[in-house]
Amino acid sequence: MKNRRQFLKASLATTIAAIFCRAATAAESLSDRINESIASAVRYLMDRQSSDGAWRSEIYGPFKDGPSLTSLIAATFVSLESKFDIESASFMAAKYLAAQIDNSLDNLTYPAYTAAGAVIALNQRPEFASQQKAWLNYLRTLQLTEDLGWQPANLAYGGWGYAATGLQPLNGAPATPLAVPNLSATVFALKALRAAGVCPCDPAIQRAQVFITRCQNWSDESDSRNEIFDDGGFHFLLEDPQRNKAGELGLDRFGRRRFASYGSATADGFRALAYCGLGKKHPRRLAAERWLVRNFSAEEHPGDFQPDREHLRPTLYYYYAASLAQSLQLSDHLRSRAAELASALLSRQRSDGSWANSAVDVREDDPLVATPLAIQALDGCLNS
């Protein structure tokens, strides 16, 4: 009997060891596939870098300017430099962005995104320290605060938008649609501020928190929450039924127009709350995390898309994947889903190393847009 028990214990130990060995082998295999995929995508991007260090779209006019795509790709490369041979390409891109600060910034297509990407791309490069500081200072000037005539009572207060022009308040609203602040530009700005070492206690970050919380379908007062609207998720911007991709849900009991939560906005909002210094146990952060866990999807862009908006679900898949992957690193509950997301992305990669979305609404059909976003997503999965 004793020998039998010893035999069973030894067999059980062997079985458990074999299971862990297979799991480790599978994880190692997926990691190898991810690294190979990123290497192929990096080669694709490097082959399309111009001699001046910039990337320019061959499809869309607004992305042919140089700074727009260069800031996105250069910022993507920052986390890859220790694993891939991209130093030359990264330096060329950084040098290009550093030089742009001496040019007129009034003509930038997407000033907040460009400035944020430049701050990240020039980080840890002492030779460009003064240019990074200049980009950071410029990024601060784009925030809708008292310096531009905005007050906390204005819904736009604290956010960043697409445009650098028309920012003065007009009847309590931005003067042009592109100047309306949105969650995406705001989280890009916050990520750059934090990458540059700015403390969450900084006034810019504290002001941004005002705008961010207004984009969350949530109330700090439990008695004021409505289960139809307050699910903890986020929408893209305020008071705009067209650019909130999932659509409008209706009016709440306070007469406020409410918008449906969806994946890319909620991943952005979840990260933004963390960048603002809210801890893991903060009710708003927990609410956003619950939404992401409950609605997690590796295959499609999740959210309560209204019937007339369902055609917009695919449009932000790669942006959603990139933001979600960065969220994985901030959540113990989401981290375990990294393999699912990585596998979905790997299955979509094209033979030349790039990615492209079949949906054209937000220009992810341009490989120079989708590919850096997919790289960010895979890198985030690898580091989760």
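Residue 369 satisfies every condition listed in (1) open to solvent by 10 Å² or more (accessible area, probe 1.4 Å); (2) assigned to a loop (DSSP other than H, G, I, E, B); (3) farther than 15 Å from residue 39 by Cα except (2). Per the conditions (1) assigned to a helix (DSSP H, G or I); (2) farther than 22 Å from residue 210 by Cβ; (3) in contact with a helix residue (DSSP H, G or I) (Cβ under 9 Å, 6 or more places away or on another chain), the sole criterion not satisfied by residue 297 is (1).
Taken over the stretch 338-356, the criterion of being under 23 Å from residue 60 (Cβ atoms) and crowded, with 23+ Cβ neighbours inside 10 Å is satisfied by 345, 355.
Every residue, every condition in (1) among the β-branched types (Val, Ile, Thr); (2) surrounded by 17 or more Cβ atoms within 10 Å (Cβ to Cβ); (3) touching a residue at least 60 places away in the same chain (Cβ under 8 Å), yes or no:
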{"position": "188", "(1), (2), (3)": "no, yes, yes"}
{"position": "193", "(1), (2), (3)": "no, yes, yes"}
{"position": "202", "(1), (2), (3)": "no, no, no"}
{"position": "221", "(1), (2), (3)": "no, no, no"}
{"position": "228", "(1), (2), (3)": "yes, no, no"}
{"position": "236", "(1), (2), (3)": "no, yes, no"}
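The one condition from (1) in contact (Cβ under 8 Å) with a residue 60 or more places away in the chain; (2) crowded, with 21+ Cβ neighbours inside 10 Å; (3) farther than 16 Å from residue 373 by Cβ that residue 334 does not meet is (1).
I'd like the residue in the stretch 127-149 that is within 15 Å of residue 194 (Cβ to Cβ) and touching a residue at least 60 places away in the same chain (Cβ under 8 Å) and, out of all such residues, is least open to solvent (accessible area, probe 1.4 Å). Applying the filter and picking the extreme gives 143. Residues that are in contact (Cβ under 8 Å) with a residue 40 or more places away in the chain, closer than 24 Å to residue 160 by Cα and either buried (at least 17 other Cβ atoms within 10 Å of the Cβ) or over 24 Å from the mean Cα position of the chain (by Cα) (or both) within the stretch 238-250 comprise 238, 245, 246, 247, 248, listed in sequence order.
Selection of the stretch 251-262 for residues being open to solvent by less than 60 Å² (accessible area, probe 1.4 Å) and touching a residue at least 12 places away in the same chain (Cβ under 8 Å) yields 252, 258, 259, 260, 261, 262. In the stretch 86-108, what residues are assigned to a loop (DSSP other than H, G, I, E, B) and either open to solvent by less than 50 Å² (accessible area, probe 1.4 Å) or at pLDDT 95 or above (or both)? The answer is 86, 101, 108. Taking the criterion of being within 25 Å of the chain's Cα centre (by Cα) and open to solvent by 30 Å² or more (accessible area, probe 1.4 Å), the residues of the stretch 116-126 that qualify are 123, 124. On the basis of being closer than 21 Å to residue 62 by Cα, assigned to a helix (DSSP H, G or I) and touching a residue at least 12 places away in the same chain (Cβ under 8 Å), does residue 362 make the cut? In short, no.
Just to be sure I understand, how many residues within the stretch 73-85 are part of a helix (DSSP H, G or I) and open to solvent by less than 30 Å² (accessible area, probe 1.4 Å)? Residues flagged as part of a helix (DSSP H, G or I) and open to solvent by less than 30 Å² (accessible area, probe 1.4 Å) within the stretch 73-85 amount to 5.
For every residue, the table says whether it meets (1) outside any loop (DSSP other than H, G, I, E, B); (2) modelled with pLDDT under 95; (3) buried (at least 20 other Cβ atoms within 10 Å of the Cβ).
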| residue | (1), (2), (3) |
| --- | --- |
| 19 | yes, yes, no |
| 23 | yes, yes, no |
| 28 | yes, yes, no |
| 38 | yes, no, yes |
| 41 | yes, no, yes |
| 51 | no, no, no |
| 58 | no, no, no |
| 62 | yes, yes, no |
| 68 | yes, no, yes |
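The values are calculated or read from the model by the stated rules, or taken from the named source; none is laboratory data. Worth saying up front: this structure is predicted, and the values here are computed from it rather than measured. Cβ atoms come from the backbone with ideal geometry, glycine included; neighbour counts cover every protein chain shown. Side chains included, ligands, DNA and RNA excluded: accessible areas come from the protein's heavy atoms. Shrake-Rupley method; radii C 1.70, N 1.55, O 1.52, S 1.80 Å.
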